[in-house]
Amino acid sequence: MGPPVDPVPAGDLQPKSADVVIVGGGIIGVSAALFLARKGISVVVCEKGHVAGEQSSRNWGWCRRMGRDPRELPLIVEAMKIWGGIEELVGEDVGFRRTGILYLCQDESDVEHHSDWLKSAGDYGLDTRMIEGRALADLMPGAQKTFRAALHTPSDGRAEPQKAAPAIARAAQRVGARILLRCAVREIETEGGRVSGVVTENGPIRAGTVVVAAGAWSSTLCRSLGIRLPQLAVRSSVMRTGPVEGGPDGAAWTEGFAYRKRLDGGYTIANGMISYHHVSPDSFRYFADFLPILSREWRSIGLRFGDILGGPFGLSPKLEGEGSVYERNRTLDPAPAVAPLERARANMEKVFPALKGVPTLQRWAGFIDATPDAVPVISPVNSLPGLVIATGFSGHGFGIGPAAGRLAADLVTGKTPLVDPTAFRYERFIDGTKHRPTTGV
């Protein structure tokens, strides 16, 4: 079972038309809905399950600028501004705290690696610094191990994934957005070479614009339109503990474990060194696209073989008499990888003995929507006017989510975008610009 997620009211009956339909009720989709509705645009979010049912509630809960691809830095800077005012924006406390994040260095090679990122970040590095000695020890109370150094960003922070997207969704509802739950979009309709609406399990909705923010499902939905979106699902596992007396207040990553302090006093713990890809037809469709990144990261990706043809990402999105694949998979709830989680916890206990004896309350997993260059697509599709894609956040979409939704809303309305969207173009996977950094970074 996934973590308990704050509820969102089911909303109104399905309308016959809207200005914009958003497919997916994760943090990207509901953020886009909020910013569109605030402009008086009629917007409907169609979610096949419940808000934040999949990766938006199953992530680590980090809100970080540190360590990001340079192409994402302008957008995460804007996202951190939104997080800083999130309580005023949505009218609720979603747990955002600027408690800082550490990338702990075991040796000189780690120091060099993280120092290289700091150099590449340039002006976007802001308050990120390499620290060591007493300055580092003060941020890790109770630690029984001395690390060589750490890359530290005090202004980075944490929030509660099970609270954030639902609170944004409720705020969107209050300003006029309709959020339809258990309402799967079976297909996107077109007329005259452009988007004309969607067909849900409850019938059609006419709309001039459709935003696909469907996470791991986005590639399947786009393929039904003849749109080739290279994206694969990667399973990542997390655990949470009961409250811990003492210990560090922020979040950190090092070889062997990663953690985040929770509002309830416990820790979210993960093993950041291993994730799993479940082989599906998409694995073969997009093998060439992902080969460069797989050749670099093969040690951290485990392959799993199961129901290759009939699984959630199998051959056909439809089966006669059974509804669509989206209805048959209301909420992707994969089994967590227990052994790597237990190793992560054991590694953390060696550093923080206060964790010993604290109960593990829950383990869960989720599917990350990964692109070949690990940078999201936030973009209109030139070949199909009216279609906007916001997906492929590659395991770092939660922190950037509010600004990604804002950028998607800007692209829908034609307003001057929050940041230059060039780095997030869909067409980079067609014209070969996918590895080109954003101008000026």
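The values are calculated or read from the model by the stated rules, or taken from the named source; none is laboratory data. Source: prediction; values computed, not measured. Cβ coordinates were reconstructed from backbone atoms using ideal geometry, including for glycine residues, and neighbour counts include every protein chain displayed. Protein only, heavy atoms only, side chains kept; ligands, DNA and RNA dropped before computing areas. Shrake-Rupley method; radii C 1.70, N 1.55, O 1.52, S 1.80 Å.
Evaluation of residue 212 against the conditions (1) under 20 Å from the mean Cα position of the chain (by Cα); (2) open to solvent by 30 Å² or more (accessible area, probe 1.4 Å) shows that the sole unmet condition is (2).
For residue 238, the stated conditions do not hold, so it cannot be described as over 20 Å from residue 397 (Cβ atoms) and not basic (Lys, Arg). Selection of first residues in region 188-207 that are under 16 Å from residue 325 (Cα atoms) and without any contact (Cβ under 8 Å) to a residue 24 or more places away in the chain and of second residues that are open to solvent by 20 Å² or more (accessible area, probe 1.4 Å) and outside any loop (DSSP other than H, G, I, E, B), restricted to Cβ pairs under 8 Å at least 6 apart or on distinct chains, gives the following pairs, ordered by first then second residue: 199/186; 199/187; 199/189. Filtering 217, 253 for residues that are open to solvent by 20 Å² or more (accessible area, probe 1.4 Å), among the hydrophobic types (A, V, I, L, M, F, W, C), under 22 Å from the mean Cα position of the chain (by Cα) and modelled with pLDDT of 95 or more leaves a single hit, 253. Scanning region 415-434 for residues that are part of a loop (DSSP other than H, G, I, E, B) and at pLDDT below 95, we see that the one that is least open to solvent (accessible area, probe 1.4 Å) is 433. Within region 174-197, being of a type in the set (Val, Ile, Thr), surrounded by fewer than 23 Cβ atoms within 10 Å (Cβ to Cβ) and out of contact with any Ser or Thr (no Cβ under 8 Å at 6 or more places or on another chain) holds for one residue alone: 175. The single residue among 228, 158, 240 that is under 24 Å from residue 425 (Cα atoms), open to solvent by 10 Å² or more (accessible area, probe 1.4 Å), charged (D, E, K, R) and under 22 Å from the mean Cα position of the chain (by Cα) turns out to be 228. Out of 82, 28, 41, one residue alone is buried (at least 17 other Cβ atoms within 10 Å of the Cβ), among the β-branched types (Val, Ile, Thr), touching a residue at least 40 places away in the same chain (Cβ under 8 Å) and part of a loop (DSSP other than H, G, I, E, B). It is 41.
Return yes or no: is residue 258 open to solvent by 60 Å² or more (accessible area, probe 1.4 Å), at pLDDT 85 or above, closer than 24 Å to residue 232 by Cα and out of contact with any Asp or Glu (no Cβ under 7 Å at 6 or more places or on another chain)? Judged against the criteria, residue 258 is not a match.
Using the structure shown, decide if residue 126 is open to solvent by 50 Å² or more (accessible area, probe 1.4 Å) and on the phi > 0 side of the Ramachandran plot.
Criteria met by residue 126.
For residue 272, the test of being outside any strand (DSSP E or B), under 26 Å from residue 353 (Cα atoms) and modelled with pLDDT under 95 is passed. Every listed requirement among (1) within 26 Å of residue 117 (Cα to Cα); (2) more than 15 Å from the chain's Cα centre (by Cα); (3) in a loop (DSSP other than H, G, I, E, B); (4) not β-branched (Val, Ile, Thr) is met by residue 330 save one, (1). In this structure, residue 309 qualifies as modelled with pLDDT under 85, touching a Leu at 6+ places or on another chain (Cβ under 9 Å) and part of a loop (DSSP other than H, G, I, E, B).
Looking at residue 269, is it open to solvent by less than 60 Å² (accessible area, probe 1.4 Å), over 18 Å from the mean Cα position of the chain (by Cα) and in contact (Cβ under 8 Å) with a residue 24 or more places away in the chain? Even if it seems obvious, please write down each step before you answer.
Details: open to solvent by less than 60 Å² (accessible area, probe 1.4 Å): yes; over 18 Å from the mean Cα position of the chain (by Cα): no; in contact (Cβ under 8 Å) with a residue 24 or more places away in the chain: yes.
No, not satisfied.
Of all the listed residues (393, 367, 398), the sole one being over 29 Å from residue 192 (Cβ atoms) and in a helix (DSSP H, G or I) is 398. When the residues of region 88-122 are filtered to those that are in contact with a helix residue (DSSP H, G or I) (Cβ under 9 Å, 6 or more places away or on another chain) and assigned to a helix (DSSP H, G or I), the one that is surrounded by the fewest Cβ atoms within 10 Å (Cβ to Cβ) is 119.
Has region 81-92 got at least one residue that is touching a strand residue (DSSP E or B) at 6+ places or on another chain (Cβ under 7 Å) and acidic (Asp, Glu)? Talk me through it step by step, then tell me what you get.
Initially, region 81-92 is screened for residues touching a strand residue (DSSP E or B) at 6+ places or on another chain (Cβ under 7 Å), giving 83.
Next, from what is left, pick out any that are acidic (Asp, Glu): none.
No, the conditions are met nowhere in region 81-92.
Across region 130-152, a minimum of one residue is classified as of a type in the set (A, V, I, L, M, F, W, C), in contact with a helix residue (DSSP H, G or I) (Cβ under 6 Å, 6 or more places away or on another chain), open to solvent by less than 20 Å² (accessible area, probe 1.4 Å) and more than 29 Å from residue 367 (Cβ to Cβ). Looking only at residues of region 1-25 that are surrounded by 15 or more Cβ atoms within 10 Å (Cβ to Cβ) and acidic (Asp, Glu), we find that the one that is nearest to residue 210 (Cα to Cα) is 19.
Based on this model, can you work out whether residue 395 counts as at pLDDT below 95, more than 13 Å from residue 229 (Cβ to Cβ), within 10 Å of the chain's Cα centre (by Cα) and not aromatic (Phe, Trp, Tyr)?
On the way: at pLDDT below 95: yes; more than 13 Å from residue 229 (Cβ to Cβ): yes; within 10 Å of the chain's Cα centre (by Cα): yes; not aromatic (Phe, Trp, Tyr): yes.
For residue 395, the condition - at pLDDT below 95, more than 13 Å from residue 229 (Cβ to Cβ), within 10 Å of the chain's Cα centre (by Cα) and not aromatic (Phe, Trp, Tyr) - is met.
If you scan region 66-78, which residues turn out to be in a loop (DSSP other than H, G, I, E, B) and under 14 Å from the mean Cα position of the chain (by Cα)?
If we filter region 66-78 for residues that are in a loop (DSSP other than H, G, I, E, B), which is where we start, we get 66-69.
Within region 66-78, just 68 meets the criteria.
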